[in-house]
Amino acid sequence: MHLGGDAYDWGSEMKPHFTDGLESSVVYSIFELFKHTRQYSETLIKNLNAEDCQLQSMPDASPVKWHLAHTSWFFEIFLLVPHLPGYKIFNDHFQVLFNSYYNGIGEQFTRSLRGLLARPSLQEILSYRHHVDNYIEDLPSHYAEIPLHLSEILMLGIHHEKQHQELLLMDIKHALSLNPMSPIYSSALENAPRHSAVSPLEWIDFETGIFEMGAKDTGFSFDNEKPRHDRLIQSFRLASRLVTNKEYLAFIEDQGYENPHYWLSDGWSNVKQNDHNAPLYWTKKDDSWYEFTLSGPEPLDLNKPVCHVNYYEANAFAAWADKRLPTEVEWEYASQSENIFGNSGESAHLHPRAAEGDGLLQMTTEAWQWTGSAYMPYQGFKPFTDVAGEYNGKFMVNQIVLRGGSCLTPSQHLRSSYRNFYYPHQSWMMSGIRLAEDDYACRN
């Protein structure tokens, strides 16, 4: 695990000493990041009531209040219990209720039934969070020398919570979409431009070469982003921007959902079993298309990126367009020199925006991009140590890698090496499409 962050000024406060060569100012910045992260999670629920926070709309999703509790459980179990002498667990029942999948810790409450947990109340969960926060922030006073591994666990917990901030928004969007009243989470889109212009699609050439893939040894990274290693890349071409709603609508109007020629076998079965004929959150009324957003139903903006498509849909669209999805190796190779900043979760614009400008656009913003790569470990992969080793490695089967980031993704997770992963049938995350093709010289 690697640490990073800007140094903060301690002022006249006593600087605690940290062992293993970790600068005290760096550790202080980590504690500041912890406070900011915890506060931001609670900011995300300011427009929700207790009933909203109780909703679980499907087995893959979790109630908002479960996210708030689970992230606190993570800090309590992995940091406070083993590293703070005399610490008393807030509530023994929480050890089962809010354990997600850590078999090394113990029993877990059934995931698909989390919405039945009317108790503890939202207020009790918020009290739990503040209890954990107070003890975490007081940790330096209990150590003459704070070991490096304690700060590493704290940093892992911070980025774990950032992942749940995106999940929280994904899950509440799905829940609100099922309500006939079409409730609004945020009014952020009310003043956004309608049907904005979009940059024309161009093809960017990339030459054959060898490059270093994976996370660098600076800043935080998850275990599945490592080790950094050399990869050979053959020449290819990558679309300059994401596929738009207009382009995807052309696929629909060309009977794309009715032609098995474009679909993988499992994808065609998924279409037929679920009667799919458009992306998740699209509805048609009086010959006009609408899209449910976190600001409620909106007329479909044809120039914005298509989102909430599953892998089968992305792959079928690519086949229809006589293109393909990029591999994750190609995607990372292309992204390394690009500007990673843009529309992230903290921007409050909680929907993808149309591409503007020249060159390679929307690489790490707007919508996660399906690749054609299975989620597998890199050669030499080593999971986090101890029980935290269950964090990523156990999921490296039957899932597909997505790259980039979305308008719901925390900005500190927008990097070229970040590997997201979902099952091919899932679409409630903010997932989009970028096309690729083999270089002409390779194809001929």
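Derivation of every value follows stated rules applied to the coordinates shown; laboratory data play no part. Keep in mind it's a predicted model, so treat the numbers as computed, not measured. Reconstructed Cβ throughout: ideal geometry from the backbone, glycine too, with neighbour counts over all protein chains shown.
Some notes on this structure:
- Relative packing of 368-374, 125-131, which averages over residues the other C-beta atoms within 10 Å, highest first: 368-374, 125-131
- Unsatisfied cross-links (Cα-Cα over 18 Å) in the set Lys226/Lys394; Lys173/Lys394; Lys65/Lys394: Lys173/Lys394; Lys65/Lys394
- Solvent-free Debye calculation, one equal scatterer per alpha-carbon of region 89-155: log10 I(q)/I(0) at 0.22, 0.24, 0.26, 0.29 Å⁻¹ equals -1.07, -1.13, -1.18, -1.24.
- Set of aspartates and glutamates with alpha-carbon distance to Lys284 below 14 Å, sequence-local pairs under 8 removed: Glu253, Glu298, Asp301
- Counting Cα-Cα pairs of region 17-177 in 10 Å increments starting at 0 gives whole-percent bin shares of 10, 40, 34, 14, 3, 0.
- Simple point charges give the picture: +1 on the Cβ of Lys and Arg, -1 on the Cβ of Asp and Glu, and for region 60-216 a dipole about the Cα centre of about 640 debye.
- Relative contact order of region 37-108, taken over Cα pairs closer than 8 Å and 6 or more residues apart, is 19 percent.
- With θ taken as phi - 60° and the Karplus curve 6.51 cos²θ - 1.76 cosθ + 1.60 applied, the whole-hertz 3J(HN,Hα) list for region 83-100 is 10, 10, x, x, 5, 10, 4, 4, 7, 4, 5, 5, 5, 9, 4, 10, 7, 7 Hz, x standing for glycine and proline.
- Its alpha carbons considered, region 203-443 gives a radius of gyration followed by a Dmax of 17.8, 57 Å.
- Sorting 70-76, 145-151 by their mean Cβ neighbour count within 10 Å, with the most densely packed peptide first, gives 70-76, 145-151.
- All-pairs alpha carbon distance profile, region 226-280, 5 Å steps from 0, percent: 4, 14, 17, 15, 14, 11, 10, 10, 4
- Other-chain or far-sequence residues with amide H under 5 Å of Phe421's (modelled H): Leu402
- Close amide H pairs (under 5 Å, H built 1.01 Å from N) link Trp289 with Leu300, residues at least 5 positions away or on another chain.
- Net charge, Pro200 excluded, C-beta distance under 13 Å - Lys, Arg +1, Asp, Glu -1: -2
- Percentage of interatomic Cα-Cα distances in region 293-334 larger than 11 Å: 75
- When the trypsin sites (Lys or Arg not before Pro) in region 153-254 are filtered for DSSP coil states and for at most 10 other beta-carbon atoms within 10 Å of their beta-carbon, the remaining sites are Arg194.
- Evaluating 6.51 cos²θ - 1.76 cosθ + 1.60 at θ = phi - 60° for every residue in region 32-37, the Karplus couplings come out as 5, 5, 4, 4, 5, 5 Hz, glycine and proline recorded as x.
- Using the rule -39500 (n - 2.57) for each DSSP H run of four or more residues, divided by the residues of the chain, the 222 nm mean residue ellipticity is -8500 deg cm²/dmol.
- Applied to region 107-117, the Karplus parametrisation 6.51 cos²θ - 1.76 cosθ + 1.60 on θ = phi - 60° returns per-residue 3J(HN,Hα) values of 5, 10, 6, 4, 4, 5, 10, 4, x, 7, 7 Hz, with x for Gly and Pro.
- Met363, Met155 arranged by Cβ crowding within 10 Å, fewest neighbours leading: Met155, Met363
- Ranked by how many other Cβ atoms sit within 10 Å of their own Cβ, fewest first, the residues Arg353, Arg434 fall in the order Arg353, Arg434.
- Ranked by the mean number of other Cβ atoms within 10 Å of their residues, highest first, the peptides 58-64, 101-107 fall in the order 58-64, 101-107.
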